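First the structure, in the form of structure tokens, and then the observations on it.
Just so it is clear, none of the values below were taken in a lab; they were calculated from the coordinates. Model, not experiment: these values are computed from the prediction. Virtual Cβ from ideal backbone geometry, glycine too; neighbours counted across all protein chains shown.
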Amino acid sequence: MNFDNKSPKWFYLFTIIIPVLFFVLFELSLRIFNYGRNDDQWINVTESKQMLNPEISGRYFFILKDLPQSNNDVFDIVKRKNAYRVFVMGESSAAGFPFSPNGTFSRYIRDRLELRYPEVHIEVINLAITATNSYTIRDLLPEVIEQAPDLIIIYAGHNEYYGALGVGSNENIGNSREFVNFLIWLNKFKTVELLRNIFSAVAEIFGDDANQNRTGTLMSRIVKEQLITFNSELFDEGLKQFEGNLEDILMIIRDENIPVIISSQVSNLKDQKPFESVDTDENISANLAYEEAVLQIQMGNEKRADSLYRLAKDFDALRFRAPEKINLIIKKLAQKYQSGFVNIDSVFNATSPDGIIGNDLIVDHLHPSLDGYQLMGKIYFEEMLKSDILSETDHSQFSKLNEDSIVVSNFAFSKLDSSIARIRLKGLLSNWPFVKNPDFSFLKSIILKDKIDSLAYKVAVENMDWEKSHREAAAYYLSKKDYINFAKEFRVIVSQYPYRLTDYDFVSSQLINVKEYNFAYDFLLKRFKESPDEFSAKWLGNINLNNGNIDKAIKYLAESINYNSNDPQVFYNLTGAYIQKEDYKNALVSIEKCLELNSEFPNAVNLKTQLTNIMEK
């Protein structure tokens, strides 16, 4: 029998096509039946607004069940012609921990842009996700570019070792950067998600997966390879991972001709002892370097102390703080790709006592204080100005110093936010690695002085919805007739959800009813910019008229008439504005229209008579 006959070519073709076709059909079936999580990068919030999908981090976490989210910043699905759009990408420091969602440097940038460019529709969208790293930024970037950004800001580097898919992470799936990025791409398919879920279920049944049962902070749950010594193999792998991903990121952005600003990483040097000090033959221990730095500070040798503090950080075998080599990589690649670069580390140092970063600007090991985040925003913003962004629409009436002061003093951040951050931070510092044995007794020591502290506790400890807590705080202040804090709580709410028009209407109506016109004005103005209507225009006109801003009063009252020409009160007030400008002709036309709508409108007949007499003279 002759076995040398070759099979026809179509046979080999079918052996390839049939499996591929099977998986394509299987994938389509899973999508049709909406299996698993929604893996779209963006989800619609309204007909015209979208945000980063809260489930997107499922691409990067294989074990962790309680997935971290971004700050859920919303932006237009269709970019407006007069829009300036900025995306911020990074990790927990970029997200603003423990002050998120509103205590971030991105909010400072947005507020400063809105103040300087009042005629421009400003969008600053924070996409940062806690416990992720450069893998996440690289993966999200292509669809970010599709949203036509005018600028991308990146603050990242601390999480390269323990962040999702990092070389020391509990979520690590290998140290080959090419393989990890390929697997992230595969994770977008439902078939792969199904296989992952099957393997996970089997592992839970037959395995001893202690990681599934880990408790404590996200920081403590995501670490696998706890100790990574300086210049070890894993240490170098982390650097290669970061450099390769960042180079890809900057290359993609450059090729799309989009401006980008990246920054050095900042850490607590002076007031954060090394987490893990390991004695080696090659280097002094982290603890010895830190102790020597303390002595040098006492002797007044700040420059030598700074070098030793940085050595102590680098030799710290628990790599939650980016080593100095990460900052060298950032600077090198920024220069190579001609990216915008800000040295936040250097500015923080120069601003700190003894010229060394400590607890004054950092609240733990690496997360800035609220002042620190605002300083970061200022640093980024000043770098943005160097590129002459929006120079043609620069109508700022303030100096740079005054702008900064106005933004900081009007920052949408309330007592409730401060209390939430305080409890969050206390929880972090009571857990590993700040203490060897997690101590949750601090919960009993928290003194809840009032309704606001109770709400903060519910948010930080019991996972109460952040928005609900602020609404309850606003209602509490309103019941107490504390209109200052009532307005402040709603400033926080509309800062986070600027597209919810009913919030502007509610808060401004409440404030107008109690004659708190100046508090109401800011909400009316924001409402008018977001979506102008009769009510906001009318009251902007009325308040400006009352404050003697006649041109603005005429502008807004006339705008109100465009939306509703049947309100005699608007015509009456417009008459008063024209009289103050001595424009008696338009004043007469306006009062006649008022009387057409209501012939008995108070004082309108007398006012018309007076105007008629003036015109006859």
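At a glance:
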| read-out | value |
| --- | --- |
| Percent RCO, i.e. relative contact order, over the chain, from Cα pairs under 8 Å lying at least 6 residues apart | 11 |
| Under the Karplus curve 6.51 cos²θ - 1.76 cosθ + 1.60, θ = phi - 60°, whole-Hz ³J(HN,Hα) for the stretch 240-249, x wherever Gly or Pro sits | 4, 4, 5, 5, x, 5, 5, 5, 4, 4 |
| Net charge dipole size for the stretch 456-616 [Lys, Arg +1 and Asp, Glu -1 on Cβ; Debye, nearest 20] | 360 |
| Dipole magnitude of the stretch 201-341 about its Cα centre (Cβ charges: Lys, Arg +1; Asp, Glu -1), debye to nearest 20 | 620 |
| Debye intensity ratio in log₁₀ form over the Cα atoms of the stretch 456-616, taken at each q of 0.09, 0.14, 0.16, 0.21 Å⁻¹ | -0.39, -0.75, -0.89, -1.23 |
| Net charge of neighbours whose Cβ lies under 15 Å from the Cβ of K240, counting Lys and Arg as +1 and Asp and Glu as -1 | -3 |
| Packing-based order for 435-443, 59-67, using average beta carbon neighbours within 10 Å, highest first | 59-67, 435-443 |
| Table column - 3J(HN,Hα) (Hz), the stretch 42-49, Karplus curve with 6.51, -1.76, 1.60, x for Gly and Pro | 10, 10, 7, 9, 9, 5, 10, 10 |
| Peptides ranked, highest mean first, by Cβ atoms within 10 Å: ranges 245-254, 580-589 | 245-254, 580-589 |
| Segments 566-579, 93-106 sorted - mean Cβ within 10 Å per residue, highest first | 93-106, 566-579 |
| Selection from P602, S469, N542 lying farthest towards where the dipole of the chain points positive, charges on Cβ | P602 |
| Under-5 Å amide H pairs with K49, H placed in peptide plane, nonlocal only | I77 |
| Net charge over other residues, Cβ less than 13 angstrom from the Cβ of L151 (K, R count +1; D, E count -1) | -2 |
| Using θ = phi - 60° and Karplus 6.51 cos²θ - 1.76 cosθ + 1.60, couplings along the stretch 422-431 (whole Hz; Gly, Pro as x) | 4, 6, 4, 5, 4, x, 5, 6, 9, 10 |
| Cα centre as origin, Lys/Arg/Asp/Glu Cβ charges: the chain dipole, Debye | 880 |
| Globularity index of the stretch 45-193, i.e. its alpha-carbon radius of gyration over 2.2 N^0.38 Å | 1.08 |
| Rg/Rh (Cα only; Kirkwood hydrodynamic radius) as it applies to the chain | 1.06 |
| Nitroxide proxy distance, nm - points 7 Å out along Cα→Cβ at V45 and W185 | 3.2 |
| Amide H partners (placed H, <5 Å) of F341, local residues excluded | I262 |
| Among L385, L588, L425 the positive-end extreme of the charge dipole of the chain (Cβ point charges) | L588 |
| Amide H partners (placed H, <5 Å) of V88, local residues excluded | I125, N126, L127, I153 |
| DSSP beta bridges in the chain [antiparallel fraction, %, rounded to 5] | 30 |
